[in-house]
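Colleague: Below you will find the structure I want to go over with you.
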Amino acid sequence: MNRFSPEDLNQISQESIERLGKRDVIQLALRLRDYAIELYEKSNLNSNSSSKPPSSDDPFKNKKTKSENKREDESEEPKEKSSDHHELPDGEEPNHKERADSDNQSKRNPGRQPGSTGFGREGKPEIHAVEHHYPKQCVICLKDLHEPVQPYMGHYTYELERLADGIKITCTLHYYYKAVCTCGHENTEKPGEGFVSVVEERKRDIKLTEYTIVGPMLATFISALSRRCGMSRKKIREHLIVWLNFQISIGLICKSIREAGIACYPVVDELLDDLQKEQQVHLDETPWYQRGAFCWLWVAISKSTAIYRIGTRKKTELLLLITEAFFGWLITDGYGAYRSYPKRQRCLAHLIRKAVALTGAVNENVQKQGEWFLRELRGLIKAMAQGEDGRIECKPILARLKRACNLGSKSDHAKLKSLANEILNDWDAVVAFVKNPGLPATNNEAERALRWAVIYRKITFGTRTSEGSRCLAAQLSVIETCRLRGVDPWDYIATAIAQGRKGLTPPPIAQT
Ligand SMILES: [Zn+2]
């Protein structure tokens, strides 16, 4: 009997209560109290107290403060031990909070534990090709080198080949030779080496090198299974064994994923330059976790370039994405860090959602005001979509919208007042697309670009290290930019890895 419909609540007023006897007033007050308790308890349910999934929990309700997180980060970073094992299989994580807590208590390092059974390859691999690497020129006297040469090292590399009718894993045996020049110098040909990603106090740093068993395309495929399909390291291993009859250790899977990210680092630097030249850039950010610490994942996306970045929500982070060299338009939500940009379009979809929420208010007046906002905001988008003819209709709509805001800003209803003030305070950015017809009215581009990242966060509970965050962001940037430019991202990343292993910078992603 404690259920009150909006119609019931609407009829309760000072007059209606004054008409009741004292006994009835007390009864009503008690029932309203019970109803309030019921609603309160319902609103406080989360994954710990009901069958709701952890992903529905409020990310802002992390008990730790920012400074605590920072301290934790600093003290725990050096615990990183092995280059191959610093990310646990994603699927195994119980909860980001639990994980952070258990890390604190057990002091257990992530990855393979000391004394556990290692991974070894059995038998001789079936070789599909042999490649010989000879020294060609003497490094001292620059004379061409000829026979006799002498092999001194060799290694196998498994590579994934994309054929017209499927994929295939092949094994190549690489031989490296040395030769003595007529000048007496001994020249040796070595596998290429590139960028070394250093994490302090880690036992083995990740070095891009050709001296590895995983070829560039196979590493790209493994990273795609993780970054694009959200598969855990364990599942990837199972997948490779079941479908491709290929055995690889979890550590090497981790390294391959990381390597694909590191190979994308130099590409991101170029994309940042490309982004500053754009006319319109959409910006958005979403919560992220790095070892349980609360961070933000930013995205800046234009017609042909997308850049992701994991960091704080501070303006300094934004200035790394959008530098002083940028003179175009920003399309954003209402977040304060964006406010200082003069050329800015505020996303109308956010305001429309807030107006929709008002139409569900208990108070009828507020409902009507909400409908009014909705009518004018949607009217503006519709009128602008009609082109030249529609623009004439905009002037009266703008006048009505302003009137609705002025009225709403005087209301007692907190949400109505806040929406009205929000529009008034940011008026120029809300209506920028009316004066500049090329501008989009919503920030859907950026929100779409974040959708997979949000799902990925829910599957993996974020990243564990700053290197992991940077790798993920770099890979997402390259994959999304390739998509925007009509380039195959996997061919491109494989090229980037192959170049990176030689110490070369990958070619820029072609602009179409
Ligand atoms: Zn020589």
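The values are calculated or read from the model by the stated rules, or taken from the named source; none is laboratory data. Given the structure is predicted, the values throughout are model-derived calculations rather than measurements. Note that each Cβ is placed from the backbone with ideal geometry, even for glycine, and that neighbours are counted across all protein chains shown. We work out accessible area using only protein heavy atoms, side chains counted, and drop any ligands, DNA or RNA first. Shrake-Rupley method; radii C 1.70, N 1.55, O 1.52, S 1.80 Å.
Colleague: Grab the alpha carbons of region 366-512, take their convex hull, and tell me the volume per residue in Å³.
Modeller: 185
Colleague: As a test, work out the antiparallel percent of DSSP beta bridges whose residues both lie in the chain, rounded to the nearest 5.
Modeller: 75
Colleague: Sticking with this one: Could you give me the ³J(HN,Hα) list for region 332-347, computed from phi with Karplus coefficients 6.51, -1.76, 1.60 and θ = phi - 60°, whole Hz, x at Gly and Pro?
Modeller: Listing the rounded values in order: 9, 8, x, 4, x, 4, 7, 4, 6, 6, x, 9, 9, 10, 7, 5 Hz.
Colleague: Another question, if that's okay. With n ≥ 4 as the cut-off for DSSP H runs, can you work out [θ] at 222 nm for the chain, using -39500 (n - 2.57) per run divided by the number of residues, rounded to the nearest 500?
Modeller: Result for the chain: -15000 deg cm²/dmol, rounded to the nearest 500.
Colleague: Next question. Considering only C-alpha atoms, what is the centroid distance from region 422-490 to region 124-184, in Å?
Modeller: 43
Colleague: Sort out for me the Cα centre separation of region 254-318 from region 381-416, rounded to whole Å.
Modeller: Here the two parts' Cα centres lie 35 Å apart.
Colleague: Would you mind computing the Rg to Rh ratio of region 180-237 from its alpha-carbon coordinates, Kirkwood style for Rh? All intermediate terms of the calculation are to be shown ahead of the outcome.
Modeller: Numbers: Rg = 17.6 Å, Rh = 14.7 Å.
Expressed as Rg/Rh, it is 1.20.
Colleague: Here is a further query. How much FRET efficiency would the formula 1/(1 + (r/R0)^6) give for Leu504 and Gln27, where r is the Cβ-Cβ distance and R0 is 56 Å, rounded to 0.05?
Modeller: 0.10
Colleague: Using the Kirkwood radius over C-alpha pairs as Rh, can you work out the diffusion coefficient of region 344-406 via Stokes-Einstein at 10 °C, viscosity 1.306 mPa s, in µm² per second?
Modeller: Roughly 130 µm²/s, to the nearest whole number.
Colleague: Please compute the per residue accessible area over region 241-364 with all protein chains in place, 1.4 Å probe, rounded to a whole number of Å².
Modeller: Accessible surface, normalised per residue, equals 38 Å².
Colleague: Mind listing the phi-derived Karplus ³J(HN,Hα) values for region 139-147, rounded to whole Hz, using 6.51, -1.76 and 1.60 with θ = phi - 60°, and x for any glycine or proline?
Modeller: Karplus-based 3J(HN,Hα) across region 139-147 equals 6, 8, 9, 6, 6, 5, 9, 10, 4 Hz.
Colleague: Measure nothing but the geometry: give the 0 to 90° angle between the long axis through the Cα atoms of 388-408 and the longest principal axis through the Cα atoms of the chain, rounded to 10°.
Modeller: Once rounded, the angle reads 60 degrees.
Colleague: Further question: Check region 171-310 and count each lysine pair with an alpha-carbon distance under 27 angstrom, considering only pairs eight or more places apart or from different chains.
Modeller: Number of lysine pairs found: 14.
Colleague: Run the numbers on the chain and let me know its relative contact order in percent, using alpha-carbon pairs under 8 Å that are six or more apart.
Modeller: Numbers: 778 pairs, mean separation 85.0, N = 512.
In percent, rounded to a whole number, it is 17.
Colleague: Hey, how much of the P(r) for the chain falls beyond 43 Å, as a percent of Cα pairs?
Modeller: 35
Colleague: Pop out the carbon and sulfur fraction of the accessible area of region 407-460 as a percent, whole number, probe 1.4 Å.
Modeller: 51
Colleague: Kindly provide log₁₀ I(q)/I(0) values, in the same order as q = 0.09, 0.11, 0.12, 0.19 Å⁻¹, from the Debye equation applied to equal alpha-carbon scatterers of region 278-400.
Modeller: The computed values of log10 I(q)/I(0) come out as -0.37, -0.53, -0.62, -1.07.
Colleague: Using only C-alpha atoms and all pairs of different ones, pull out the Kirkwood radius for region 109-230 in Å with one decimal.
Modeller: When all Cα pairs of region 109-230 are included, the Kirkwood radius is 17.8 Å.
Colleague: Could I ask something else about it? Report the rotationally averaged projected area of region 380-428 based on its alpha-carbon convex hull, in square nanometres.
Modeller: Numbers: hull surface 14.2 nm².
Averaged projected area of region 380-428's Cα convex hull equals 3.5 nm².
Colleague: On the protein heavy atoms, probe 1.4 angstrom, tell me the percent of accessible surface of region 155-275 carried by carbon and sulfur.
Modeller: Working: 2750 of 5500 Å².
Here carbon and sulfur together make up 50 percent of the probe-accessible area.
Colleague: Return one number: the angle in degrees, 0 to 90 and rounded to the nearest 10, between the long axis of the Cα atoms of helix 348-359 and the longest principal axis of the Cα atoms of the chain.
Modeller: 40
Colleague: Helix 489-501 versus the longest principal axis of the chain: what angle, 0 to 90°, nearest 10, using Cα atoms?
Modeller: That helix lies at roughly 50 degrees to the long axis.
Colleague: Using 1/(1 + (r/R0)^6) with R0 = 25 angstrom and r between the beta carbons of Ile459 and Gln247, what's the FRET efficiency to the nearest 0.05?
Modeller: Efficiency, from the Cβ-Cβ distance: 0.50.
Colleague: Continuing with this model, one more query. In µm²/s, what is D for region 417-489 at 10 °C and 1.306 mPa s, where D = kT/(6 pi eta Rh) by Stokes-Einstein and Rh is the Kirkwood radius from Cα pairs? Don't skip to the end; give the middle numbers.
Modeller: Numbers: Rh = 15.5 Å.
Result for D is 103 µm²/s.
Colleague: Next question, about the same structure. Of Trp452, Pro287, Ser16, whose Cα points farthest to the positive end of the dipole of the chain (charges on the beta-carbon: +1 Lys, Arg; -1 Asp, Glu; origin at the Cα centre)?
Modeller: About the Cα centre, the residue reaching furthest to the positive side is Ser16.
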